[in-house]
1. Which residue, chosen from A:234, A:488, A:400, occupies the Cα position most advanced towards the positive end of the dipole of the protein assembly as shown, where the dipole is computed from +1 (Lys, Arg) and -1 (Asp, Glu) charges on Cβ about the Cα centre?
2. Express in Å², to the nearest 10, the accessible area of residue A:423 obtained by rolling a 1.4 Å probe over the protein heavy atoms while all chains stay in place.
3. In degrees between 0 and 90, to the nearest 10, how far off the longest principal axis of chain B does helix B:25-34 point, with axes built from Cα atoms?
4. Amide H of residue A:140 versus every other amide H placed in the peptide plane: which residues, excluding those fewer than 5 positions away on the same chain, fall under 5 Å?
5. What angle, in degrees between 0 and 90 and rounded to the nearest 10, separates the Cα long axis of helix A:2-18 from the longest principal axis of the Cα atoms of chain A?
6. Using a 10 Å cut-off on Cβ to Cβ distances, tally the other chain neighbours for every residue of A:201-210 and report the average as a whole number.
7. In debye, nearest 20, what is the charge dipole magnitude of chain B about its Cα centre with +1 on Lys and Arg Cβ and -1 on Asp and Glu Cβ, if you could check?
8. As a check on your grasp of the helix formula, calculate [θ] at 222 nm for chain A: sum -39500 (n - 2.57) over DSSP H runs of n ≥ 4, divide by the residue count, round to the nearest 500.
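The values are calculated or read from the model by the stated rules, or taken from the named source; none is laboratory data. Remember, it's a predicted structure, so these values are computed and weren't measured experimentally. Cβ placement follows ideal geometry from the backbone for every residue including glycine, while neighbour counts extend to all protein chains displayed. Areas reflect the complete protein model, heavy atoms only, side chains present, ligands, DNA and RNA absent. Shrake-Rupley method; radii C 1.70, N 1.55, O 1.52, S 1.80 Å.
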Amino acid sequence: MKIRWILTALALAGAVWAAGAGGKIRFEEISEKAGVKVMHHTRKFSGDHGDVLGMFTSGGAAVAVGDYNNDGHDDMFVTNSDVGKPNYLFRNNGDGTFTDVAEPAGVTGGNDPDSIVADALWFDYDNDGWVDLMLVRFGTPVLFHNEGNGKFKDVTAQTGFNVFGNSIAAIAFDYDNDGRLDVMLGHYFKPVDLIKLPTPHVLPNDLDNAVNGGGVGLWRNLGGGRFEDVTEKAGFKDHTGWTLDIGHSDFDNDGWQDIYLACDYGTDRIYFNNGDGTFSDLTKTSIGFDTKKGMNVDIGDYDNDGLQDVYVTNITDEYMKECNMLWHNNGDRTFTDLSKETGTCPTLWGWAAKFGDFDNDGWQDLFVVNGLRSAGKDNYIPVLVNMITTPGIDFTDVRVWPKIGDMTWSGFQKKKLFRNLGHQGVFKEMSAEAGVDNDLDGRGIGMADFDNDGMLDLYQTNADQKALLYRGLADGAGNWVQLKLVGSGKSNRDAIGAKAAIEAGGLTMIREVNGGNGYAGQSTLRLHWGVGTATKLPPVEIRWPSGKVEKHPVAVNEITYIEEGKGIVPAWHRRKK
Amino acid sequence: MIRRNALILLLAAAVLPLWGNSADLEKYEKALLASPDDLRTGNDYRQAVIKAKEYDRCIAFFEKLTAANPDASNAFLNFGFAYVDKIPDAGSITQVILANTALAHFTKSIEIQPSWIALYTRGNSYLYWPKIFGRAHLGVADLEKAMEMQRKDSVKSYHIRSYISLGDGYWKMDDIEKARAIWQEGAKHFPSDAQLKARLSREGDELKEYIDDVLDPNKRVNTDLHELWEAR
């Protein structure tokens, strides 16, 4: 009788846990005391139409999270965009504060008169165990090699990357599973010099179906510090949209990384990896053609069904009712948009969004930033619509776009935090309760557990405004697991593309290491799970990019380092000692 | 002779609604070329176009028809509707362009002949524009004129539309009191109308959510005018 009662109680407890019960989601804004409350400056263009170009390039407030010095604490690289303005490399001091070491590290530059920094990416391109840094620019990219001593060396010229493009997004992933990280760059404009502006016809040719954007560039890592442009060979040449963000994942669990492209002014694209160095554009059958303003791609298994889903932000404001897209992965290379059904549709003028389990209850929540331009009391929209509705207008011509001056455009928008209600299949918006409902002009989100306390923290970059750092608070939150995976042999060292599954509370929760998913924000390379009340877990199953599948024991409430073929290993910084 | 032509048109009108596929669109077009101001045939043509999703063909046809018949008020009305019919299939910014173009054609129709249907249509169209564009007062002005016309007429079933839209217009101008008064006046004539009941039973955010949903540009607006001929 007693055993039966205990079993019933356990079953009930399991049901409550699995239903998403847990603590509150709460954050504390600590950017000032952490020393990371820095201002971003967008590029100021000269000439009569400078402010229009300024608007079109105002997306470059980015953050990239990575442990560049292998001390076990995630650091941040934060971009600036105006000419001469420095970037920041925030070394995590491990005590809740950061120190800007960009100057001694040699990575302040990039905003020269001909180039605008728009994004950044950490990845270990030479598998030497130290993450390297790429600056993504309206201009040529810059690749810095991490020398392992706190300094970086510009190696762009040797790598082959010194090709002009108006790039705004980048991911690192191993598309051909050769153990070396390749790079895909998302280009917004065509490769035209926006600063010298040889032609005024640089803007989208259609505001819902534009085909005169920059597309993407795929660079294959040849080893030896060299990269080759394989865009055409891999099947991406025909994509001429205005790429704003790129996400990668193995959507169909075939062991090969696939690609989702969020495109402004028109159709998002999904490409499936054929496993032979080429990709197939399956947009038509997989997601259909949309006309929305795709801004962000983040990827995660929000419903714990073992398949990676996609969240794309669009524009849903008083004057434009697009709705975001939460693409539920159907497991057959098709997706169904469930944003309305799940309550994640309206986030105003959306930018970055990130999946993360903010209360450690086993279900991934969503944080979304938004807001284009908060300025004076006059609104730009009626002025803009007068231009848009002028018969025969040529949208590509920067000269026809009205000056924005001090006008506001989709400004002062409250951020959105959606709590995943688990088996109910819906999310609840609770940004105010969580303390993250700021109304700044958000752009990127860098998510990591900066203080190694098991709670995810969020760094929010804002265009022409100061950044924010939200520290996740463990207000009754569940237990957690974090893994730092280290590839070896035929897997890249960062283990980007590795997929791991943990079972707890009747759920199987997968996570995949990604190399820069999410607009203007690379999150930690560590994997994070909330496991609710679970204190002991079955071994974690890891499928490495090499294809090897391993099982390893995993500890709750600890950060565990696992190396392919070796199992649990000491953290790098502990090994050095 | 006139009587014979009228009979042919009547027969044509009886047959035309059966057409629905794109191959038959040509027949409607021929009928309209013979009778450009025929509101009913134009309406049926557009409904067939919606089924066939041949929006651009329809727009191109009415463009030529109105150019050749600049005094055909109903042709301009259908021309405007042809743009409205395309809106749900368009992207969010193209929707704005289409809606604005539709308004221009409705205006032309009113300039030629300020009919109840044209005033109601343009007035209602203004309400789909978000508040930020400040067009609700223009819609109210048109709908007040349509209301004035229908008040002088015997009550027709389609008159319910003006009560609903005029009330929505006042609601959009933040004059809740006047909005309710109009909806209540409508309820006296149409006591069982579900749309009026829905508005009168809601307040505040709930009412806003309801009307925002009704005026969602992504939803197809029913532009079928059959009610005009079937009215009781």
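1. Result: A:400.
2. Roll a 1.4 Å probe over it and residue A:423 shows about 120 Å².
3. Between helix and principal axis, roughly 80 degrees.
4. A:165
5. The angle comes out near 10 degrees.
6. On the way: counts 0, 0, 0, 1, 0, 3, 6, 8, 4, 1.
Per-residue shielding by partner chains comes out at 2.
7. Values: 31 positive and 33 negative charges, 97 e Å.
About 460 debye.
8. Helix-only estimate at 222 nm: -2500 deg cm²/dmol.
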